[in-house]
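Dropping a structure here in structure tokens format, bear with me for questions.
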Amino acid sequence: MKVFTTGQVAKICKVAPRTVSKWFDSGRLKGYRIPGSQDRRIPREYLIKFLKEHGMPLGDLEDEAMAKVLIVAQDQVLIENLKRELPADRSFRTQTAASGFEAGIQAESFHPDCIICDFSIGHVEALQICQNLRRNTDFAETILIALLPDDGSSISFDRSTINETFKKPFDSALLAERLRTLIGAKKELV
């Protein structure tokens, strides 16, 4: 469990250390005092909760506290369903891409923890997205989830580049919980 001093919290929040002390002393910001000292310590999870409750930006904490998910799809209903199940208040941040080209640009700038690729955009294009990501060492740890269409045809391909597959239609809430488990194994989500 990572803990912060009032000075470190002040830098994160871009306020004076005395302001952080006031938040702590009033009970709004949870933490503890070091025995035999006036020094305060704020556990990471309490700081993130405080920032979220007060609508403050997470700053540098965002990368370690939020699960970043890139959705590569063209089906707007699917995208909206996934976004509804992956809200920011449950520690998710989502972005979307409609093509392989867009997915590459988004992946480079967004650095997602997980990429959900809808194979309905085109079997060849979706496979290429997955293979290109796996070739790039920056995305070696990125979780890849394939959404396979249930159109009666059997799709055969090398699934070694993909962590999980879901056949459409699927339960978006189940996918969200699976993401929480997979990403939660790598980073401490709040």
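Calculated from the structure, Rg/Rh (Cα atoms, Kirkwood Rh) equals which of (1) 0.95; (2) 1.00; (3) 1.09?
Evaluating Rg/Rh (Cα atoms, Kirkwood Rh) on these atoms matches (3).
Quick check of the Kirkwood formula: for segment 63-165, what is the inverse mean of 1/r over all pairs of different Cα atoms, in Å?
Values: mean 1/r = 0.0723 Å⁻¹.
For segment 63-165, the Kirkwood estimate is 13.8 Å.
Quick check on the exposure proxy: order THR19, THR94, THR137 from fewest to most C-beta atoms within 10 angstrom.
Fewest to most other Cβ atoms nearby, the residues stand as THR137, THR19, THR94.
Whole-Hz Karplus ³J(HN,Hα) for segment 120-128, in order, using 6.51 cos²θ - 1.76 cosθ + 1.60 and θ = phi - 60°, x for Gly and Pro?
3J(HN,Hα) across segment 120-128, in whole Hz: 6, 6, x, 4, 5, 5, 5, 4, 4.
A follow-up question, please. Pick from GLY122, GLY36, GLY27: which is most flexible by mean-square fluctuation in a GNM of the chain where alpha carbon atoms under 10 Å apart are linked?
Evaluated over the chain, the most mobile residue of the options is GLY36.
Moving on. Quick check: the distance between the Cα centres of segment 14-29 and segment 56-99, to the nearest angstrom?
After rounding, the separation between the Cα centres reads 31 Å.
Counting only DSSP beta bridges with both residues in the chain, tell me the antiparallel percent, nearest 5.
Around 20 percent antiparallel, to the nearest 5.
Moving on to the next point. Counting only residues 5 or more places away or on other chains, whose amide H sits under 5 Å from the amide H of ARG93 once H atoms are built in the peptide plane?
For ARG93, whose amide H was placed from the backbone, the distant partners under 5 Å are ALA67, LYS68, VAL69.
Charges at C-beta only: +1 for Lys and Arg, -1 for Asp and Glu. How large is the resulting dipole of the chain about its Cα centre, in Debye rounded to 20?
Using only the charged Cβ atoms, the result is roughly 1260 debye.
Continuing with the same structure: Specify which residue in the list ILE143, ALA126, ILE42 is farthest towards the positive end of the charge dipole of the chain, using unit charges on the beta carbon of Lys, Arg (+1) and Asp, Glu (-1), about the Cα centre.
Going by the charge dipole, the pick is ILE42.
Let's see if you can work this out: charge +1 on each Lys and Arg Cβ, -1 on each Asp and Glu Cβ, no other charges. What is the dipole magnitude of segment 1-101 about its Cα centre, in debye to the nearest 20?
Working: 18 positive and 12 negative charges, 119 e Å.
Using only the charged Cβ atoms, the result is roughly 560 debye.
With +1 assigned to the C-beta of every Lys and Arg and -1 to the C-beta of every Asp and Glu, and no other charges, what is the dipole magnitude of segment 3-62 about the Cα centre in debye, to the nearest 20?
It works out to roughly 160 debye.
With a point put 7 Å past each Cα toward its Cβ, work out how far ASP39 is from SER21 in nm, to one decimal.
Distance between the two pseudo-spin positions: 1.5 nm.
Now for a different question. Report the extension gain between GLU125 and ALA173 in nm, rounded to one decimal, defined as 0.36 nm multiplied by the number of residues separating them, less their alpha carbon distance.
Additional length available on full extension: 14.6 nm.
Let me ask something additional. Beyond 28 Å between alpha-carbons counts as too far, so tell me which of LYS14/LYS83; LYS11/LYS187; LYS22/LYS68; LYS49/LYS186; LYS11/LYS186; LYS11/LYS83 fall in that bin.
LYS14/LYS83; LYS22/LYS68; LYS11/LYS83
Which residue, PRO57, VAL69, ILE116, has the largest displacement toward the positive end of the dipole of the chain when charges sit on each Cβ (Lys, Arg +1; Asp, Glu -1)?
Towards the positive end, the residue furthest out is PRO57.
Let me ask something else about it. Quick query: amide H of LEU144 versus all other amide H atoms, modeled in the peptide plane; which residues come in under 5 Å with a sequence gap of 5 or more or a different chain?
Long-range HN contacts for LEU144: ILE115, ASN163, GLU164.
Each value in this text was obtained by applying a stated rule to the coordinates, not by laboratory testing. Please read these numbers as outputs of a predicted model, since none were measured by experiment. A quick note on method: Cβ atoms are made from the backbone with ideal geometry, for glycine too, and the neighbour counts reach across all protein chains shown.
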